[in-house]
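One structure is given here, and the rest of the page talks about it.
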Amino acid sequence: MRFASRMSKLPPIPTLAMNTKAAEMKAQGVDVISFAAGEPDFDTPEHIKEGAIQGLRDGATKYTAVRGIPALREAISDWAEEHKGLRYDPKTEVIVTVGGKQSVFNALHVLVEEGDEVVIPAPIWVAYEPVATLTGAKPVLVQTSEENGHKMTAEQLREVVSARTKIVVINSPCNPSGCVYSREELEAIAEVVLSTGAMVMSDEIYGKITYDGEEHVSMAGFSDEMKARTLVLDGFSKTYAMTGWRLGYTLARPEIIEAMDTLQGQSTSNATSFAQYGGVAALRGSHEFLDGWVAQYDARRKAIVEGLNSIEGLSVVNPKGAFYAFPRVSEIFGRQGPDGVLKNSMDVGLYLLEHAHCAGVPGAGFGNDNYVRFSYATSLENVKEGIERIRAAVGQLG
């Protein structure tokens, strides 16, 4: 069978590939510790479940408006005003999507076409580059440095923007590095953006998971013009442990939301009706649970950073947000394992899975082959045990 040529532009998602291999090993009885999934290990809070259950009992089993039920769009608008200092009209400037990934797909497909450029700081989440490529646009990857905490500088952006630049991607806090852009850094980037015709796609889904007093800042709040130039992407998966609910949203000016509504109407249509009622409960309900979750993430963060940095050949920049550590593993390239020489991040990832029984995700999929991503959205006990397994496996390399 001959597939459409566009399929050659879509690589398999590396996180899912490693999760699948780890699951296969577990099914064979292997005790695998998975640091691969970007998924909270906490259960969805009960009041959110009850919101969805009540929706089902009340008959919320039919189609909704493509852009979501009014109650959820109003809750999103109110939440954005309270937590981001941004006001969006729930009728015209909010759309509910089938997870955060659909927000990315919608944004790039309604704004970008062949010949355009999408600036993406690397390392960064695996979906942006393939989806941009699918539109026919050219992804322009900007390699960041450890010295700057894996953050793109305004100077780097100024060097790559052109008349063809349509979108600049910002993900703060960032998957996979955990970097958090400061207000000053984002203001400098905004100044560059405003000197061009580009827009910003600001993925803020980890905005409530920060450490060490770091503040999440949305570029859309800098000025009316910057708000008009920014698409704010957010969702429920990370803050509320609702990954399987597939519920995200985009905030943008009316004509962009209208275009997304049209595109989404021809693809998935509305997000699951009763899940949207769970979303209302999430935004309107108590957030007391979140402080405890973040405190646990923080304890794991400190343990995994200290542990990885104590292993010869590995080093990691301290993440300030999200729940990922992104250690450099390139110093062990060229060393000999039982199955051959480790040449790249995929080799390292497979070696650690097969010989340390620890699953991480090779950095190649995130735009930098010198690293492997570890999610510490798992127990502190798993983090500590995993570190010792990794230490032993690295120590056995020739």
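The values are calculated or read from the model by the stated rules, or taken from the named source; none is laboratory data. Please read all numbers here as calculations on a predicted model, not as lab measurements. Every residue, glycine among them, receives a Cβ derived from its backbone with ideal geometry; neighbour counts consider all protein chains shown. Ligands, DNA and RNA are stripped out before the accessible areas are found, and what is left, the full protein with its side chains, is counted by its heavy atoms. Shrake-Rupley method; radii C 1.70, N 1.55, O 1.52, S 1.80 Å.
Observations, loosely collected:
- Restricting region 299-310 to residues that are among the charged types (D, E, K, R) and open to solvent by less than 30 Å² (accessible area, probe 1.4 Å), the residue that is farthest from the chain's Cα centre (by Cα): Arg300
- Candidate set from region 262-282 (those that are touching a Ser or Thr at 6+ places or on another chain (Cβ under 7 Å) and not in a helix (DSSP H, G or I)); member that is least open to solvent (accessible area, probe 1.4 Å): Ala271
- For first residues located in region 66-88 and in contact (Cβ under 8 Å) with a residue 40 or more places away in the chain and open to solvent by 10 Å² or more (accessible area, probe 1.4 Å), partners that are hydrophobic (A, V, I, L, M, F, W, C) and assigned to a helix (DSSP H, G or I) and lie 6+ apart or on another chain with Cβ distances below 7 Å form the pairs Arg67/Ile257; Ala71/Val280; Trp79/Leu283.
- Qualifying residue in region 367-388 (condition: closer than 19 Å to Gln143 by Cβ and out of contact with any Gly (no Cβ under 7 Å at 6 or more places or on another chain)): yes
- Pairing residues of region 91-111 that are among the basic types (Lys, Arg) with residues that are surrounded by fewer than 24 Cβ atoms within 10 Å (Cβ to Cβ), at Cβ distances under 6 Å and at least 6 apart in sequence or on separate chains, gives Lys101/Ala127.
- Unmet requirement for Glu50, which otherwise passes all of (1) surrounded by 14 or more Cβ atoms within 10 Å (Cβ to Cβ); (2) over 19 Å from the mean Cα position of the chain (by Cα); (3) among the acidic types (Asp, Glu); (4) within 19 Å of His357 (Cβ to Cβ): (4)
- Residue count for region 100-124 satisfying the condition of being of a type in the set (A, V, I, L, M) and either open to solvent by 30 Å² or more (accessible area, probe 1.4 Å) or in a helix (DSSP H, G or I) (or both): 5.
- Among the residues of region 362-398, those identified as within 12 Å of Ile304 (Cβ to Cβ), in contact with a helix residue (DSSP H, G or I) (Cβ under 7 Å, 6 or more places away or on another chain) and open to solvent by 30 Å² or more (accessible area, probe 1.4 Å) are Leu380, Lys384.
- Subset of region 347-393 (residues that are more than 15 Å from Tyr324 (Cβ to Cβ) and part of a loop (DSSP other than H, G, I, E, B)): Ala356, His357, Asp369, Asn370, Ser379
- If you check Ala303, Ala282, Ala377, Ala275 for being of a type in the set (A, V, I, L, M), modelled with pLDDT of 95 or more and touching a His at 6+ places or on another chain (Cβ under 9 Å), only one passes: Ala282.
- Matching residues in region 183-205 - criterion: being in contact (Cβ under 8 Å) with a residue 60 or more places away in the chain and open to solvent by 10 Å² or more (accessible area, probe 1.4 Å): Met199, Asp203, Ile205
- Top-ranked residue of region 125-153 - restricted to ones that are of a type in the set (Gly, Ala, Ser) and farther than 30 Å from Val294 by Cα, ranked as surrounded by the fewest Cβ atoms within 10 Å (Cβ to Cβ): Gly136
- The single condition from (1) touching a residue at least 60 places away in the same chain (Cβ under 8 Å); (2) open to solvent by 10 Å² or more (accessible area, probe 1.4 Å) that Phe333 fails is (1).
- Out of Ser223, Ser237, Ser218, one residue alone is closer than 16 Å to Tyr88 by Cα, open to solvent by less than 30 Å² (accessible area, probe 1.4 Å) and among the small types (Gly, Ala, Ser). It is Ser218.
- Exactly one residue out of Gly313, Gly285 is within 22 Å of Leu397 (Cα to Cα) and either surrounded by fewer than 19 Cβ atoms within 10 Å (Cβ to Cβ) or in contact with a Ser or Thr (Cβ under 9 Å, 6 or more places away or on another chain) (or both), and it is Gly313.
- Qualifying residue in region 290-298 (condition: in contact (Cβ under 8 Å) with a residue 40 or more places away in the chain, surrounded by 17 or more Cβ atoms within 10 Å (Cβ to Cβ) and under 23 Å from Lys62 (Cα atoms)): no
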